[in-house]
Amino acid sequence: MINIKLTVNGNICKLTVPVKMTLLDVLREQLGLTGTKRGCEIGECGACTVIMNGKTVNSCLVLAAQADGAKILTIEGLAENGKLHPLQKAFLEHDAVQCGFCTPGMILSAVSLLERNPHPDEYEIRQAIAGNLCRCTGYKQIVEAIKSVAIKRKHDDSNIL
Amino acid sequence: MNYYRPKNIDEAKRLLQKFAPDSRIIAGGTDLLVEMRHANYALKEHLIDILKIESLNKISENGNELIIGSAIVHDQIANHPLIKRFAPLLSAACSVIGSQQIRNRGTIGGNICNASPCADTVPALIALEAKVKIVSPRQEREIPISSFFHKPYHTVMKENEILTEIRFLKLNDNQRCAFYKLARRKALAISRINIAAILKISKDHIIEEARLAPGSVFPTWTRISDAESFLSGKKLSDEIFKEAGNITAQKMIEVSGRRWSTPYKESVIAALVKRALVMAAGELTP
Ligand SMILES: Cc1cc2nc3c(=O)[nH]c(=O)nc-3n(C[C@H](O)[C@H](O)[C@H](O)COP(=O)(O)OP(=O)(O)OC[C@H]3O[C@@H](n4cnc5c(N)ncnc54)[C@H](O)[C@@H]3O)c2cc1C
Ligand code: FES
Ligand code: FES
């Protein structure tokens, strides 16, 4: 067992966890943050994607011990004061959510993309979500949703993210 | 099971001194965590995380050399100005590894040490004639990456050793290079075949030196010396690139024998070698 401290969605969490436990398990089982999904558990589906110290990672491939001291953003932490994030809104507006299983990871990959590259083209969008599988195959709507936020940002040129 | 996160290399050496061989190094964990899920994984009591060791987290230059710390992740290499400028085939190789999530976490050291036949950084590093530095509690050694591997998933590393850095000479302006990867699916695909090429080209378009390193083709990594010597001294042309591809394919059959996948691989490898060479020669190809 090991003692760790994580800052999850702005909240400091002190936990004692087995060394073998993944960040995914800590988020879901210990913190009850089930927005982060458990899929393949071998890095291929991206359902478990979270943002750790500013970068997207597959939380199934990170030991909780390795995340000690890190800042984690999960899908639960994206809305602010009950207001949906522009990408969340766009996913709803573009019917980019079918069963919703891939959505949290997909949105976090998109958030990270727009932070790195505020005006991605379609190819860059597809590259950025290549590690997120949608079993409902709603990729077209997903890409459209992300594009709409990028375009809106271009017009507003305000920092909505 | 115990977990340690040394902050410097001396601390890591002390841990290895104390615990090896009942210890395992973990970097990004993108290979190790998958491996740990297998039922027959031999669990080690002590896990030593090297990601926070500062000296392993640097990309630097020293004269005409580039030095990459083993804990540098693929995304950093893919986007680093020095690597893009002086070893573009390595940044290209790193930019097509796995997914953004994997590139944010997987390290170059882990890619080398895991020694998978389809590791994407390895052909590029072999073409660059890179050297790797290996540190144990009592000594240090440096070896060419070409003699680092015994066979797939087996390297010269001992259990008390850490790979600390990778270094190679910067490519000059007259050295053109390319990395080409063929995979089943564009993203997240482990390479079926990949190839790294470096061509040193004179002002009058004569190849002065060729380096060709394919991955996933031979049982261990090796350069295609037959094709390399065929190319050197010749003037750039589609025909010689095509012939170099054929030579490589023949070599593959010689080494691996004919298998169920040979007809496919034979024509693919020939075409792939040609394509990598054309890419390397770039706008110079007539
Ligand atoms: C979904 C997915 C897709 C992938 N796609 C690709 C791909 O396209 N191309 C590709 O090449 N790879 C791919 N990989 C494999 C993997 O991501 C890379 O090999 C990665 O570089 C491994 O680095 P790591 O830091 O995660 O290694 P770890 O998993 O931490 O370690 C791997 C092995 O190396 C040892 N080790 C690590 N660092 C050191 C060191 N400095 N000294 C001594 N021993 C060390 C560990 O003990 C372990 O045995 C993929 C993996 C996944 C899960
Ligand atoms: S559950 Fe982590 S990538 Fe599939
Ligand atoms: S919406 Fe069902 S997996 Fe993507």
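Tell me the relative contact order for chain A as a rounded percent, counting alpha carbon contacts under 8 Å between residues six or more apart. Mind dumping the intermediate values first?
On the way: 281 pairs, mean separation 37.1, N = 161.
For chain A, the relative contact order is 23 percent.
Which far-off residues, 5 or more places away or on another chain, put their amide H under 5 Å from the one on B:THR164, with H placed in the peptide plane?
Amide H neighbours of B:THR164, under 5 Å, 5+ apart: B:LYS133, B:ILE134, B:VAL135.
Sequence gap at least 6, Cα distance under 8 Å: using those rules, report the relative contact order of the stretch A:86-160 to the nearest whole percent.
Value for the stretch A:86-160: 46 percent.
Among the residues of the stretch B:30-67, which ones have their accessible area go down by 30 Å² or more when all the protein chains sit together, as opposed to their chain alone (1.4 Å probe)?
Residues shielded by partner chains are B:LEU33, B:VAL34, B:MET36, B:ARG37.
How high is the relative contact order of chain B, given as a whole-number percent (alpha carbon pairs under 8 Å, six or more residues apart)?
15 percent
What value in Å³ per residue do you get for the convex hull of the alpha-carbon atoms in chain A? Don't jump to the answer; show the numbers that get you there.
Values: hull volume 16.8 nm³, N = 161.
Roughly 104 Å³ of hull volume per residue.
Sum -39500 (n - 2.57) across every DSSP H segment of at least 4 residues in the protein assembly as shown, then divide by the residue count to get the 222 nm mean residue ellipticity, nearest 500.
Taking each H run of at least 4 residues, the total per residue is -10000 deg cm²/dmol.
Let me check I've understood the local charge: for B:PHE179, count other residues with C-beta under 13 angstrom from its C-beta, Lys and Arg +1, Asp and Glu -1. What total comes out?
It works out to a net charge of +4.
Quick one: Kirkwood hydrodynamic radius for the protein assembly as shown, alpha-carbon pairs, angstrom, one decimal?
23.3 Å
Just the Cα atoms of chain B: what Rg and Dmax do they give in Å?
19.3, 62
Would you list, by chain and number, the lysines whose Cα falls below 16 Å from the Cα of B:LYS44, excluding same-chain residues fewer than 8 positions away?
By straight Cα distance, B:LYS44 reaches A:LYS20, B:LYS18, B:LYS158.
Not counting ligands, DNA or RNA, and with a 1.4 Å probe, what is B:PHE19's accessible surface area in Å² rounded to the nearest 10?
Number for this one is 40 Å².
Residue by residue through the stretch A:2-9, what is 3J(HN,Hα) from phi via Karplus (6.51 cos²θ - 1.76 cosθ + 1.60, θ = phi - 60°)? Round to whole Hz and write x for glycine and proline.
9, 8, 9, 10, 10, 9, 9, 6
Work out the mean other chain Cβ neighbour count within 10 Å for the residues of A:123-132 and drop it here as an integer. Write out the running numbers ahead of the final one.
On the way: counts 0, 0, 0, 2, 6, 3, 3, 9, 9, 5.
Rounded to a whole number, the mean comes out at 4.
With every protein chain kept in place and ligands, DNA and RNA left out, what is the accessible area per residue of the protein assembly as shown? Probe 1.4 Å, answer in Å².
On the way: 20120 Å² over 447 residues.
Solvent-accessible surface per residue comes out at 45 Å².
Which of the lysines could a cross-linker span from A:LYS89 if the Cα-Cα distance has to be under 18 Å and same-chain partners fewer than 8 positions apart are dropped?
A:LYS140, A:LYS147, A:LYS152, A:LYS154
Is there a simple number for the mean count of other chain Cβ atoms within 10 Å of the Cβ of residues in A:55-64, and what is it?
Whole-number average of other-chain Cβ neighbours for A:55-64 is 6.
In the neighborhood of B:ARG167, defined by Cβ-to-Cβ distances under 14 Å, what is the net charge if each Lys or Arg adds +1 and each Asp or Glu adds -1?
Within the 14 Å Cβ shell, the charges total -1.
What accessible area, summed over both chains, is buried at the A-B interface (1.4 Å probe, Å², nearest 100)?
Buried area (both sides, nearest 100 Å²): 2300 Å².
List the lysines whose alpha-carbon lies under 19 Å from that of B:LYS181, not counting same-chain residues fewer than 8 positions away?
B:LYS84, B:LYS242, B:LYS265, B:LYS274
For the protein assembly as shown, with all protein chains present and a 1.4 Å probe, just round the carbon and sulfur fraction of the accessible area to a whole percent.
C and S fraction of accessible area: 49 percent.
Peptides B:135-143, A:96-104, B:5-13: what's the order by average Cβ count within 10 Å, highest mean first? Intermediate values should be presented prior to the final figure.
Details: B:135-143: 12.8, A:96-104: 20.0, B:5-13: 16.4.
The densest-packed peptide leads the list: A:96-104, B:5-13, B:135-143.
Measure off 7 Å from each Cα along the Cα-to-Cβ vector at B:LYS7 and A:CYS13, then give the distance between these two points in nanometres to one decimal.
If labels sit at B:LYS7 and A:CYS13, their model points lie 2.6 nm apart.
Place a +1 charge on the Cβ of each Lys and Arg in the stretch A:1-111 and a -1 charge on the Cβ of each Asp and Glu, then give the dipole magnitude about the Cα centre in debye, rounded to the nearest 20.
280 debye
Have a look at A:ILE146, B:MET1, B:PRO263 and report the one farthest towards the positive end of the charge dipole of the protein assembly as shown, computed about the Cα centre with Cβ charges (Lys/Arg +1, Asp/Glu -1).
Of the options given, the answer is B:MET1.
Would you mind getting me the FRET efficiency between A:ASP121 and B:SER237? Use the beta-carbon distance for r and R0 = 25 Å, nearest 0.05.
0.10
The values are calculated or read from the model by the stated rules, or taken from the named source; none is laboratory data. Just so we're clear, the structure is a prediction, and the values are computed from it rather than from any experiment. Cβ atoms come from the backbone with ideal geometry, glycine included; neighbour counts cover every protein chain shown. Areas reflect the complete protein model, heavy atoms only, side chains present, ligands, DNA and RNA absent. Shrake-Rupley method; radii C 1.70, N 1.55, O 1.52, S 1.80 Å.
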